[in-house]
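Engineer: My structure is below; once you've seen it, I'll send some questions.
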Amino acid sequence: MATVITINRPDVVALVEEAAEKMTGGNKTEAVALAMRRLLEQGARAGTLFGAHKKSVRIAEGVDLTAPILDVVPDAETGREVER
């Protein structure tokens, strides 16, 4: 299952080659894989949602912060006109 990726930008090719020499003994494929893993890890949500201000927000027991807050379908979703 070989897939080929072509990189045409000379600056990117130079970065991959430099990283490969420094980090993987010249293995460009592994250097790109390492970079992609790092990007994916960076984008993953980890830790507290409240950053440096731990315990600054208190949530009542039984409250689900991921649950929808509207218990009705909004008018915009139904297409119904709003009466004034």
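Engineer: Of the residues in the range 35-84, how many are under 24 Å from the mean Cα position of the chain (by Cα), surrounded by 10 or more Cβ atoms within 10 Å (Cβ to Cβ) and at pLDDT below 85?
Structural biologist: Adding up the residues that qualify gives 2.
Engineer: Of everything in the range 20-34 that's over 15 Å from I5 (Cα atoms) and part of a helix (DSSP H, G or I), which residue is most open to solvent (accessible area, probe 1.4 Å)?
Structural biologist: So, considering only residues that are over 15 Å from I5 (Cα atoms) and part of a helix (DSSP H, G or I), the one most open to solvent (accessible area, probe 1.4 Å) is K22.
Engineer: Which of the residues belonging to the range 1-19 are hydrophobic (A, V, I, L, M, F, W, C) and either open to solvent by 100 Å² or more (accessible area, probe 1.4 Å) or outside any loop (DSSP other than H, G, I, E, B) (or both)? First the steps, then the outcome.
Structural biologist: From the range 1-19, those hydrophobic (A, V, I, L, M, F, W, C) are 1-2, 4-5, 7, 12-16, 19; that's our starting set.
Listed by number, the residues that qualify are M1, A2, V4, I5, V12, V13, A14, L15, V16, A19.
The values are calculated or read from the model by the stated rules, or taken from the named source; none is laboratory data. Just so it is clear, the structure is predicted and the values come from calculations on it, not from any experiment. Note that each Cβ is placed from the backbone with ideal geometry, even for glycine, and that neighbours are counted across all protein chains shown. The accessibility values were calculated without ligands, DNA or RNA, using every heavy atom of the protein model including side chains. Shrake-Rupley method; radii C 1.70, N 1.55, O 1.52, S 1.80 Å.
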